[in-house]
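First the structure, in the form of structure tokens, and then the observations on it.
Values in this text are rule-based calculations from the coordinates and carry no lab data. Everything numeric in this text was worked out from a predicted model, so none of it was measured. Positions of Cβ are backbone-derived with ideal geometry, glycine not excepted, and every protein chain shown enters the neighbour counts.
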Amino acid sequence: MSEFAAKRCVPCEGGVPPLTTTEQAELIPHLDGDWRVVDGHHLERTWSFPDFASALGFTNAAGAICEAENHHADFELGWGRVKATIWTHKIDGLTESDFVLAAKFDRI
């Protein structure tokens, strides 16, 4: 898993097709088992924390990764939980970079 997380996110310029279901199935094993592909469109995972401060700290750490990679996830933050949703907006679907970003979150 760590080798995959060491990759860099590659900016998508559009004009490429989203990953197929088969391609997604090949990449999902690189992620923690709590990630799931939703409707073949995006990745989603929820983390639990003992309090709001811990959840916020995780969100800030994940946000810093997003900034460093210039690839941004959507976050839903609440008391004791964080949900991340990742997809490539330019193609309205998944690319390998989405899986790389998720793998980087797994290292937090």
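If you plug the beta carbon distance of Asn60 and Lys90 into 1/(1 + (r/R0)^6) with R0 = 25 Å, you get a FRET efficiency near 0.45. Relative contact order of the chain: 40 percent, from C-alpha pairs under 8 Å at least 6 residues apart in sequence. For the stretch 35-75, what class follows from the C-alpha gyration tensor (a ≥ b ≥ c being the square roots of its eigenvalues): rounded when a/c is under 1.5, otherwise prolate if a/b is larger than b/c, else oblate? Here the stretch 35-75 falls in the oblate category. Here the spin labels are modelled as points 7 Å beyond Cα on the Cα-Cβ line, and at Ile28 and Val10 they lie 2.3 nm apart. Rounded to the nearest 500, the 222 nm mean residue ellipticity of the chain from helices alone is -11000 deg cm²/dmol, with -39,500 (n - 2.57) taken per DSSP H run of at least 4 residues. Phi-derived couplings, Karplus 6.51 cos²θ - 1.76 cosθ + 1.60 at θ = phi - 60°, listed residue by residue for the stretch 69-77: 8, 6, 9, 10, 9, 9, 10, 10, 10 Hz, with x used for Gly and Pro.
Tell me which lysines have Cα within less than 20 Å of Lys7's Cα, excluding those fewer than 8 residues away on the same chain? Excluding near neighbours in sequence, the set is Lys104.
In plain terms, the bigger the Kirkwood radius, the slower the diffusion; for the chain, with that radius from Cα pairs, at 4 °C and 1.567 mPa s, Stokes-Einstein puts D at 93 µm²/s. For Asp74, put the label point 7 Å out on the Cα→Cβ axis and report which residues of the stretch 24-68 keep their amide N under 16 Å from it. Within reach of a label on Asp74: 36-46.
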